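Chemist: Below is one structure. I have some questions about it.
None of the figures in this text is laboratory data; all of them are computed from the coordinates on show. This one's a predicted model, so the numbers in the text were calculated from it and none came from an experiment. Glycine also receives a Cβ, built like all others from the backbone with ideal geometry; neighbour counts cover every protein chain displayed.
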Amino acid sequence: MATGLDSRHIQPELLDHLPPDDPKAIGSRRDLIWINSLMFQHAIMSSLLKASVREGSIRILEVGSGDGAFMLSVARRLARKWIDVELVMLDQVDLITDRRRADFAALGWRVETVTDNVFDWIAKPGGDAYDVVSANLFLHHFSDAALKILFEALRRLAPVFLAAEPSRNVIALKACSLLRLVGANQVTMHDAAASVRAGFAGKELSGLWPLGSAQQCEERRIGPFTHAFRVFPKEGFARCTMPSS
Ligand SMILES: C[S@@+](CC[C@H](N)C(=O)[O-])C[C@H]1O[C@@H](n2cnc3c(N)ncnc32)[C@H](O)[C@@H]1O
């Protein structure tokens, strides 16, 4: 039976086109918290970070950070040992509340926010240096051509890039229809299936990373739902192996 999953199909996600204060958008962002938990995204990203970045003074850029709930859960997993962290969260919508900032501050993490389209932001001159750039459920929004442009810019910003994205496979697509059972709204139901169809398989992301960079790429499916991508220095950090789920 043809599933249409042999290649990526990118279609607009409804959440990206709703005003942030639309009740359907608010409901869908709440659903996203559940979905990240069901996919074990926090655990996966925490493991990727621990495997790729030395403890110490760390600067993280998160692209497509949403309301910050995802990274706060990651921070809570890491905060006991990661005590000197500066986190810059970039999203096209300003969703980070004072409450969220206070939650990060309580962990000792210093937070800055950038509200911009990531492609406009990378086109601006200058740009800081980071230890790591991370993305959760973000890359699948973009075409391969756009990802090449993004990766070319990100490789100059940090030695490490980590992403946890939807895996494009039949089980993940079928599981989307079960989200109704956890009360997901129509926006989430649509966007979840769209995300799987736009998700990744095989070594697709490695193939988009700039050739000849001083970094190496690893990517693989973790569990039924997640496609993890890790870029790190060739001469790098000794604990550089993709963590298992
Ligand atoms: C599926 S949500 C994931 C949010 C967060 N990473 C999480 O896991 O909860 C995708 C996020 O990407 C943001 N986004 C989409 N396109 C963007 C762009 N071109 N530039 C910046 N942010 C973008 C959306 O506003 C949204 O917050």
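Chemist: Assign unit charges at the C-beta atoms only (+1 for Lys and Arg, -1 for Asp and Glu), then state the dipole size of the range 1-57 relative to its Cα centre in Debye, rounded to the nearest 20.
Modeler: Dipole size: approximately 240 debye.
Chemist: Here's a follow-up. Magnitude of the Cβ-charge dipole of the chain, K/R +1 and D/E -1, about the Cα centre, nearest 20 debye?
Modeler: The dipole magnitude comes to about 860 debye.
Chemist: Checking the a/c ratio against 1.5 first, then a/b against b/c, what shape does the Cα gyration tensor give for the chain?
Modeler: It comes out rounded by the Cα gyration axes.
Chemist: Could you work out how far apart the two model spin labels at LEU5 and HIS17 are, taking each label as a point 7 Å from the Cα in the direction of the beta carbon, and quote it in nm?
Modeler: Reported label-point gap for LEU5 and HIS17 is 2.5 nm.
Chemist: Evaluate the relative contact order of the range 75-171 (contact order divided by residue number), counting alpha-carbon pairs under 8 angstrom at least 6 apart; express in whole percent.
Modeler: The normalised contact order for the range 75-171 reaches 25 percent.
Chemist: With labels modelled as points extended 7 Å from the Cα through the Cβ direction, what inter-label distance (nm, one decimal) is found for GLN92 paired with ARG156?
Modeler: Calculated label separation equals 2.3 nm.
Chemist: Farthest toward the dipole's positive end in the range 1-155, which of SER143, ILE96, TYR130, given Cβ charges of +1 (Lys, Arg) and -1 (Asp, Glu) about the Cα centre?
Modeler: Checked the options; the winner is TYR130.
Chemist: Run through the DSSP bridge list for the chain and note the antiparallel percent, rounded to the nearest 5.
Modeler: Percent antiparallel among DSSP bridges in the chain is about 40.
Chemist: Something else: Of VAL170, VAL182, VAL118, which is the most mobile in a GNM of the chain whose springs link Cα atoms less than 10 angstrom apart?
Modeler: Maximum fluctuation in the GNM of the chain, among the listed residues, is at VAL182.
Chemist: Under 10 Å, Cα contacts only: if you run a Gaussian network model on the chain, which one of LEU139, LEU154, LEU18 comes out with the highest mean-square fluctuation?
Modeler: So, out of LEU139, LEU154, LEU18, the one fluctuating most is LEU18.
Chemist: Using only alpha carbon pairs under 8 Å that are at least six residues apart, calculate the relative contact order of the chain and give it in whole percent.
Modeler: 25 percent
Chemist: Got a sec? How would PHE138, PHE161 order by Cβ neighbour count within 10 Å, fewest to most?
Modeler: PHE138, PHE161
Chemist: Quick one: which of 32-38, 62-68 comes out on top by average Cβ neighbours within 10 Å, and what's the full order, highest first?
Modeler: Highest-to-lowest ranking by the protection proxy: 62-68, 32-38.
Chemist: Okay, moving on. Using the Cβ atoms and a cut-off under 11 Å, what net charge is assigned to the surroundings of ALA43, where Lys and Arg are +1 and Asp and Glu are -1?
Modeler: Overall, the nearby charge balance is +2.
Chemist: Here's another thing I want to ask about it. What ranking do 123-133, 194-204 get when scored by the average of other Cβ atoms within 10 Å per residue, highest first?
Modeler: 194-204, 123-133
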